[in-house]
Amino acid sequence: MLYRSVFPGDLLAQLERLQRGMRAAPELSPSIRGLARGGFPAINVSAGPQSTEIHVFAPGMNPADIELHLEKGVLTIQGERKAEAPAGDEKAAVHIDERFSGRFRRVLTLPEDADPDGVVARYRDGVLHISVSRKQASQPRRIDIQ
Amino acid sequence: MSTNNGNAARPDEAVRQDEVLMPAVDVFEDEGGITLYADLPGVPRDRLSLHVESDTLTIEGQMSPELAGGGEATHVEVAVPRYRRAFTLSRELDVDKVAAAFEHGVLRLRIPKASHARPRRIEVQVG
């Protein structure tokens, strides 16, 4: 039998989560697809002159279990994270159960000048780093004066 | 109520230096001991630190600086680059026999049941 104990850590973690949500700057790019704060996986996006860098915080995944799709400028990240169950012990107790498990799906709209052929994804230390380069024509360049 | 001084340093910038994220954990207990899983995405193995002193286990991790990304942050859900969380251990747990593994940003700790409590550092092994 699994049971959940009333552990103060649960409450603290929830407060921390709440604070994290409030801390997130509200003025940044409201998207019609929503931001799903506190969802899994957490996502950071930064825009550079040559590329858009996306960091997806999805620890404990097998990279093969993460699916990335890019269609019409919309990037979909989905997969499934398996739960770590206590190893078949009937007397095992679950004291804290905070980590996400199950299927997840997050959708991002890429900037209009994103190059669909210039997407590189790499998984390291539990973070999926997706680098989307901008089309050559829209990169900043110096114009020679004749 | 935000004021439009985007370039000015935020008043809470100094406070942010001390801010940490609390990693999500799972804790299971069976007859032999306690198993703890902690999500620490973005932390390389050499920036993870585990510390046991008397009856407190502290997990700390610093994210790789590469995660700050280049350019301007346009969407931020992980705003602080470090994690910290402490747990109080009960006396029957044997802190001398803690086994730790860290892979893909997930820390797995196995703390068997026994006695004793003295400060020591735990080596992280390749999981």
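Phi angles of the stretch B:32-41 translate, via the Karplus equation with coefficients 6.51, -1.76, 1.60 and θ = phi - 60°, into HN-Hα couplings of x, x, 10, 10, 10, 10, 10, 8, 10, x Hz per residue; Gly and Pro are given as x.
Between A and B, roughly 3900 Å² of accessible area is buried in total, ligands, DNA and RNA not counted and the probe set to 1.4 Å. Just flag the chymotrypsin sites (Phe, Trp or Tyr not before Pro) in the stretch B:73-106 sitting in loop per DSSP whose Cβ has no more than 12 other Cβ atoms within 10 Å. Here no loop site has a sparse enough neighbourhood.
With viscosity set to 1.567 mPa s and temperature to 4 °C, compute the Stokes-Einstein D of the stretch A:54-119, Rh being the Kirkwood radius across alpha carbon pairs; µm²/s, no decimals. Roughly 89 µm²/s, to the nearest whole number. Dipole check for the stretch B:50-104: with +1 at the C-beta of Lys and Arg, -1 at the C-beta of Asp and Glu, and the Cα centre as origin, the magnitude is about 100 Debye. Taking N as the residue count of the stretch B:26-108, its C-alpha radius of gyration divided by 2.2 N^0.38 Å amounts to 1.29. In this structure the amide hydrogen of B:A24, modeled in the peptide plane, comes within under 5 Å of the amide hydrogens of B:D39, none closer than 5 places in sequence on its chain. The loop-placed GluC sites (Glu not before Pro) in the stretch A:40-143, going by DSSP, that have at most 10 neighbouring Cβ atoms within 10 Å of their Cβ come out as A:E90, A:E112. 3J(HN,Hα) couplings calculated from phi for the stretch B:101-106 with the Karplus curve 6.51 cos²θ - 1.76 cosθ + 1.60 (θ = phi - 60°) are, in sequence order, 9, 9, 8, 6, x, 10 Hz; Gly and Pro show x.
The values are calculated or read from the model by the stated rules, or taken from the named source; none is laboratory data. Small disclaimer: the values here were computed from a predicted structure and weren't measured. Cβ: placed from backbone, ideal geometry, glycine included. Neighbour counts: every protein chain shown. What goes into the accessible areas is simple: the full protein's heavy atoms, side chains included, and nothing from ligands, DNA or RNA. Shrake-Rupley method; radii C 1.70, N 1.55, O 1.52, S 1.80 Å.
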